[in-house]
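To start, the structure under review is shown below, and the notes come after it.
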Amino acid sequence: MSGYSEPHSEDRLLLLEDWMEQFGSDVLNVAYGYVKNYHVAEDITQDVFLRAYTKMDSFRGQSSVRTWLLSITANRCKDYLRSWAVRHEVHSELGLEREPGGTQTEQDVVARMERDALWNLVHRLPLKYREVLLLFYQRELSTAEVAQTLGITEATARTRLHRGRTLLRQWMEAGEVEP
């Protein structure tokens, strides 16, 4: 027999709590980037951590825990977006954007509006470009981590990143972004 022993359920719960504390906001933000609905993203986040708990023994350590959790998140979001219920629901155009604070200067407000306009364009990109841009810029993953998270090669991740940027640049030059 090897020296490996099954972790006790208390140890597993402590490990899960640690993961939730460290990576919960990353998982939630990636889910929101896919589904664009905060409440659905929260549900997916809970599901991701439940799946991580039940599959904890299958984590082989070939990637970081963060990358593994974001990979589960991406797959869960893709499953959700392919579901019958999502394809047949009416989407609300209302976002859960925070209002700019009253103490911000005019320059800060203009910068926020420009950034929001850019992210609105990012959300119009085809999924394969959007997911790479979100993971690379919002979650600050390397292209190797993006590739591992999405189950693609690093070359494919770099290509999609380049093509996504190119599309954004074309749209911006065409005047599709208004501050």
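The values are calculated or read from the model by the stated rules, or taken from the named source; none is laboratory data. All figures in this text were calculated on a predicted structure; none of them were measured in a lab. Reconstructed Cβ throughout: ideal geometry from the backbone, glycine too, with neighbour counts over all protein chains shown.
Give the residues of segment 126-144 that are surrounded by 20 or more Cβ atoms within 10 Å (Cβ to Cβ) and either in the same structural domain as residue 64 (by TED's automatic domain parsing) or without any contact (Cβ under 8 Å) to a residue 60 or more places away in the chain (or both), sorted by residue number.
Result: 129, 132, 133, 136.
Working only within segment 145-179, note down all residues that are surrounded by fewer than 14 Cβ atoms within 10 Å (Cβ to Cβ), in contact with a helix residue (DSSP H, G or I) (Cβ under 7 Å, 6 or more places away or on another chain) and free of Cβ contacts under 8 Å to residues at least 24 places away in the same chain.
153 - this is the single residue of segment 145-179 that is surrounded by fewer than 14 Cβ atoms within 10 Å (Cβ to Cβ), in contact with a helix residue (DSSP H, G or I) (Cβ under 7 Å, 6 or more places away or on another chain) and free of Cβ contacts under 8 Å to residues at least 24 places away in the same chain.
Do you know which residues across segment 16-38 are of a type in the set (Val, Ile, Thr) and touching a residue at least 60 places away in the same chain (Cβ under 8 Å)?
30
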